[in-house]
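Below you'll find the structure, written out as structure tokens, and then a few comments.
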């Protein structure tokens, strides 16, 4: 599936920030693969001593940011799947700070986080490879708002780009 602009009717306005970050010159699977390489290179390049560092009180550590990227992909991959199967259930939101607070990210090794990230990314890519163009276009409800299956997949790509930019600007 070539990554092109989505109609604003395919996603809640809140996700525009992420969707606008998705490169339009790549196939969606290529964008996910490029993102995988970029994320792994970025986190592997950070010295071990800095992984538990936060730039301000109340902000996430670098490990927590990585865990958040992983957890968000899990949620949006699941949303993409449910929407693609024409599930009309209103899919709930999730409280990212609660997820991070209970994730024990700072007790995990970088290798553990990388293993989880790679497993989730493989799962997402296999899921998307098996979907038809029609399934990508199905609309469902997320937090009471319409979202297409493909918009959920676009959010995965744009969300991790967003957090890599935050890492560069505030952490490194």
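No value in this document is a laboratory result; all are computed from the given coordinates. Owing to the predicted nature of the structure, the values given are computational and were not obtained by experimental measurement. Cβ coordinates were reconstructed from backbone atoms using ideal geometry, including for glycine residues, and neighbour counts include every protein chain displayed.
What the table shows:
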quantity	calculated
All-pairs Cα distance distribution in segment 27-171, expressed in whole percent, bin size 5 Å	2, 9, 20, 21, 19, 14, 9, 5, 1, 0
Sequence ranges 157-168, 130-141, 69-80, ranked by mean other-Cβ count within 10 angstrom, highest first	69-80, 157-168, 130-141
Mean separation of Cα contacts under 8 Å (6+ apart) over length of segment 27-171, as relative contact order %	37 percent
Computed [θ] at 222 nm, helices only, for the chain once each DSSP H run of length n ≥ 4 contributes -39500 (n - 2.57)	-17000 deg cm²/dmol
Whole-angstrom gap from segment 117-172 to segment 53-71, using each part's C-alpha centre	20 Å
